[in-house]
Amino acid sequence: MKKKIITFLIVMITIINLIAATLLFFDIQLMQTPEATIKIDIIEINSDEVILQTTIDIDNPNSFGLITKNLEIFINTPGGDEVAHMLIEGGNIPPNEKKTFTAAVSVAFDGHSPELLTTRITGSIGVNIGFIQKTLPIAISIVTSMEDIIKELAPPSIYVQAEFGEITQESINITGRIDAYNPNTFDIFIEDFSIEIKTETDNIVGNLNISGGTIGAKGSTKFDGGGMILIEALNAKMLLVNISGAAGAEIAGFNKSIPFSIEAEIKLPDIGALLSSDPTDLVIKADFKASAIGLISDVALEVHNPNKIALVANDIVVSMYRIDNEEERLISKGDLEGGIIEAETVGFFKGQLVVPYAELLIPRGGNVMPDWMKIIVRANVSIPGINQSLWLGLIGYQDFHPFK
């Protein structure tokens, strides 16, 4: 009896296995191919690594379940160097449903070029009916381009300042500062800044020499240097600074060049701010003598130039006023011929004023003779060849006793 039961069980198990195998065979023959969508995203980039996330969506269109096992992902450079490896355990995919498998991995390129990455996915997929599973190996290769992502990396934001210093007859020294901000999540470094200074008509009139350095991720750095502009730059309407160079990016252990070019305007210096802080002294002297046509005044103007460059004085105008009881009246006006005042010397300019007796001796409610004479001198002082100028003025008073 016992032998009959055992024999019966063996026969039944065999029949069930045959039926299951037959059903499994027909199901596999009728199985619709599942749709698999694979997406690789870069979720973070910094100087040491790139964080990649792999998402695998598998859609099961069949009336029976599917199973995935041992999904392994290998990421290699074009040279075959493996830069990442991850394992996704897999699992069951119910009939007519979709399941998503995800994994994140840290990638360090260690100097290898990552413009193209080959991602290879291996594992197995098959049917899952009751207690019976049948799987087949799979292997998928995907080539991922990093080039477009690298091209989108932002160059540094740059702000330039310039301070003008010592002036000579040919040029003006400049101290330059660049404030650079790195908007990226990785360090960048700038070896050299190429800086040209030009006018609004594109004439190059100077340059700045500023050495670069490293700018940390999401950080700012100041770079200082010096240079010069030609003196003729003061005739421009505006000065433009053209800054160009290449910022090297350290991304996940490899270097990538990011070119940049920026144009900015800097304010033209005022000639008064460029000249010496020592005063440009003016001294006026006047001697009077009588003539048939009126009182003649020989006027001498001394201009002390403390600067290390020559200056030119033009449009020198001398005005003479009569003062009575603190009231003044213009009685004569004339011009002095201008000229060059050499560096650190004194320039002399002479001329004459004629004061008609009618203006001088006819009082306006006061004495015949004026209480005081007031002389005002105004001059347009500039640098030879430069349109920009500085107005200087001098007021002199003299006790009036011309006939003593």
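Some notes on this structure:
- Over region 157-269, the reciprocal of the mean inverse Cα-Cα separation, the Kirkwood hydrodynamic radius, stands at 14.7 Å.
- Within-13-Å neighbourhood charge of I229 [Cβ basis; K, R +1; D, E -1]: -3
- Here K267 and V143 are evaluated by their C-beta separation; at R0 = 41 Å the FRET efficiency comes out at 0.20.
- Unsatisfied cross-links (Cα-Cα over 19 Å) in the set K198/K256; K39/K98; K237/K267: K198/K256
- Phi-derived couplings, Karplus 6.51 cos²θ - 1.76 cosθ + 1.60 at θ = phi - 60°, listed residue by residue for region 370-376: x, 5, 9, 10, 10, 10, 10 Hz, with x used for Gly and Pro.
- Amide H contacts under 5 Å for A103: T54, restricted to partners 5 or more places along the chain or on a different chain, H placed in the peptide plane at 1.01 Å from N.
Values quoted throughout were computed directly from the atomic coordinates according to the rules given, and no laboratory measurement underlies them. It should be emphasised that the depicted structure is a prediction, and the values quoted were computed from it without experimental measurement. Please note: Cβ atoms are built from the backbone with ideal geometry, for glycine as well, and neighbour counts cover all protein chains shown.
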